[in-house]
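The values are calculated or read from the model by the stated rules, or taken from the named source; none is laboratory data. Please read all numbers here as calculations on a predicted model, not as lab measurements. Here the Cβ positions follow ideal geometry from the backbone for every residue, glycine too, while neighbour counts run over all protein chains shown. With ligands, DNA and RNA removed, areas are computed over all heavy atoms of the protein, side chains included. Shrake-Rupley method; radii C 1.70, N 1.55, O 1.52, S 1.80 Å.
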Amino acid sequence: MIHQFINFVIRPPRAEYNPDQYLWEKDFTLAGRAYKRQDLELTNARGHTLRCSHYLPSPFPEDVSLPCVIYCHGNSGCRADANEAAVMLLPSNITVFTLDFSGSGVSDGDYVSLGWHERDDLKIVVSYLRSKKQNLRIGLWGRSMGAVTCLLYGAEDPSIAGMVLDSAFSSLYVLMMELVDVYKIRLPKFTVKMAVQYMRRIIEKKAKFDIMDLNCLQVAPKTFIPALFGHAKDDKFIQTHHSDIIYKSYAGDKNIIHFDGDHNSSRPQFYYDSVSIFFYNVLHPPQTSCHSCKLEKYYDLGDLKIGAGLDEGLLYEIITGVHSAGTNVASSSSVPPAISTTKCVGELLSEIAPVTAAVDSVHDEADTLNSHEPSYLEEQPNDENVECCSYTSSNRESWGRCSSLGGSDEESSAACTAADSSHQKNLKVFAMPLGCIQQKSSELRKEEKKKKKVPIAPKKPKGEKFEKLEALGKRLRLCILKRVKKL
């Protein structure tokens, strides 16, 4: 039992995986932009090779420094745990670096140290990123063992811009004493203390660190980096009071979020939103200026440039008319919408495209309800529907477990079964609107048989909305030219 408990601490189940199968592709597209996965190897102070991946824009913008977030996995995790972080942060112009710590994943090493030696691995990564001079600011995001790693390293490097600490433990010794009660190991108190001291000597001999030194409460009062703490309410492995104690003693700007779930459960969306906002505030990523290219694409104004010193009164007039025409279709209110003259014309133009799209979607929905042809989605095989509805890293069988102590193998298989059933429920939810449309369509066909046949208008082509926008651009250009000639 004691040796099994020691393996739980320093040699948990190791994630063996194929990077090309479980990580994002080496070239992929996200939110209409191209990115790449750059794999590399670093060597730590103990001579172990660390396998790493860096998610970057492709191509990397010239003369621009982008902030980077280093994701640190749990004791049974690997680089694949950072897939969701990449999806969330890359569109905000924040690159994501992830690695397999020594003793984890496909990196070298036989044992993990729950943050002690992983701190040195993280130092190697930060030094590498600093040498590239492409990373303006660096943030840390860790979970379980990774959170402790971030906290230990952050106490030594105040240049870190911010840290997200998910499910950190305050003291390894206290955690081990608690796990004895959690797993109901029936031993007298003095026997448990003697067993822990024995395990301390074995761990120090094998993994080369002292469990008594692994105490986050010693570094939290000396750390001033902005930090966001997170912890699941039903975490039985690392209980919530660990994060609460660290939070209270932490010296820097801080916030804490408690959410439903356990140690290994997926995090809720509002938590990811909070993490995204936190990194945006502390890293200050640069904003890409693609607004002008969208205007030139949809509103072909030719040689005329918006904001070039022209009288914009006429533009406000035209935009007001177009905006009110679009909103009257989608709204039941008879009050004409007010157009704020405090906004620039560029912003007002960008608001017309969604309005036009909304008007077209109303017509498209009516055409679908009145159409006698079977739906396109109804003809698709089941595999194609799955591919269409789900595109996150869950398709890659994400590990989803940051600790081997969080549950047994039976619980893991049960979790996989529950995940499959929930995925099927999600597919049903995606299919519900289609069923409602089909039901409405059948009811309309029955009513049409009773009434006189009315000729059905041909369905509008998909490119018609873009033709409307192009026509709007020409109209604006002609109006501006007339006003310029008058002047």
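Residue-by-condition table, conditions (1) modelled with pLDDT of 95 or more; (2) touching a helix residue (DSSP H, G or I) at 6+ places or on another chain (Cβ under 7 Å); (3) more than 18 Å from Phe278 (Cα to Cα):
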{"site": "Tyr198", "(1), (2), (3)": "no, yes, yes"}
{"site": "Ile225", "(1), (2), (3)": "yes, yes, no"}
{"site": "His231", "(1), (2), (3)": "yes, yes, no"}
{"site": "Phe237", "(1), (2), (3)": "no, no, yes"}
{"site": "His258", "(1), (2), (3)": "yes, yes, no"}
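Among the residues of the stretch 136-156, count how many are under 21 Å from Glu41 (Cα atoms) and surrounded by fewer than 23 Cβ atoms within 10 Å (Cβ to Cβ).
Counting residues in the stretch 136-156 that are under 21 Å from Glu41 (Cα atoms) and surrounded by fewer than 23 Cβ atoms within 10 Å (Cβ to Cβ) gives 1.
Can you name the condition, by its number, that Glu156 falls short on among (1) under 34 Å from the mean Cα position of the chain (by Cα); (2) touching a residue at least 40 places away in the same chain (Cβ under 8 Å)?
The failed condition is (2).
Would you pick out the residues in the stretch 256-274 that are part of a helix (DSSP H, G or I) and either without any contact (Cβ under 8 Å) to a residue 24 or more places away in the chain or open to solvent by 70 Å² or more (accessible area, probe 1.4 Å) (or both)?
Residues satisfying the conditions are Gln269, Phe270, Asp273.
Does Glu317 meet the test of being surrounded by fewer than 16 Cβ atoms within 10 Å (Cβ to Cβ), over 35 Å from the mean Cα position of the chain (by Cα) and either at pLDDT 50 or above or not aliphatic (A, V, I, L, M) (or both)?
yes
Any chance you could count how many residues in the stretch 140-193 are of a type in the set (D, E, K, R), part of a helix (DSSP H, G or I) and more than 23 Å from Gly77 (Cα to Cα)?
Number satisfying all stated conditions: 3.
Which numbered condition trips up Glu84, out of (1) assigned to a loop (DSSP other than H, G, I, E, B); (2) under 22 Å from the mean Cα position of the chain (by Cα); (3) not aliphatic (A, V, I, L, M)?
(1)
From the set of residues in the stretch 110-126 that are among the charged types (D, E, K, R) and surrounded by 24 or more Cβ atoms within 10 Å (Cβ to Cβ), which is farthest from Glu204 (Cα to Cα)?
Asp121
Taking the stated definitions as given, is Ser289 under 26 Å from Leu89 (Cα atoms), in a loop (DSSP other than H, G, I, E, B) and modelled with pLDDT under 55?
yes
Name, by its number, the condition in (1) assigned to a strand (DSSP E or B); (2) open to solvent by 70 Å² or more (accessible area, probe 1.4 Å) that does not hold for Lys248.
(1)
Which residue is modelled with the lowest pLDDT, if the candidates are limited to the stretch 14-42 and must be in a loop (DSSP other than H, G, I, E, B) and open to solvent by 70 Å² or more (accessible area, probe 1.4 Å)?
The qualifying residue modelled with the lowest pLDDT is Ala31.
Residue-by-condition table, conditions (1) closer than 21 Å to Phe278 by Cβ; (2) in contact with a helix residue (DSSP H, G or I) (Cβ under 7 Å, 6 or more places away or on another chain); (3) open to solvent by 30 Å² or more (accessible area, probe 1.4 Å); (4) at pLDDT below 95:
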site: Phe5; (1), (2), (3), (4): no, yes, no, yes
site: Tyr55; (1), (2), (3), (4): yes, yes, no, no
site: Ile70; (1), (2), (3), (4): yes, yes, no, no
site: Gly74; (1), (2), (3), (4): yes, yes, no, no
site: Ala85; (1), (2), (3), (4): yes, no, no, no
site: Thr98; (1), (2), (3), (4): yes, yes, no, no
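Inside the stretch 195-221, can you point out the residues that are over 24 Å from Leu165 (Cα atoms) and among the charged types (D, E, K, R)?
Answer for the stretch 195-221, where residues must be over 24 Å from Leu165 (Cα atoms) and among the charged types (D, E, K, R): Arg200, Arg201, Glu204, Lys205, Lys206, Lys208.
How do the pairs read when you match residues in the stretch 243-255 that are farther than 12 Å from Gln218 by Cα and without any contact (Cβ under 8 Å) to a residue 12 or more places away in the chain with residues anywhere that are open to solvent by less than 40 Å² (accessible area, probe 1.4 Å) and not β-branched (Val, Ile, Thr), using Cβ under 9 Å and keeping only pairs 6 or more apart or on different chains?
Listed by first residue and then by second, the contacts come to Lys248/Ala220.
Could you check the stretch 195-222 and list, in sequence order, the residues that are touching an Asp or Glu at 6+ places or on another chain (Cβ under 9 Å) and surrounded by 21 or more Cβ atoms within 10 Å (Cβ to Cβ)?
Ile203, Ala207, Ile211
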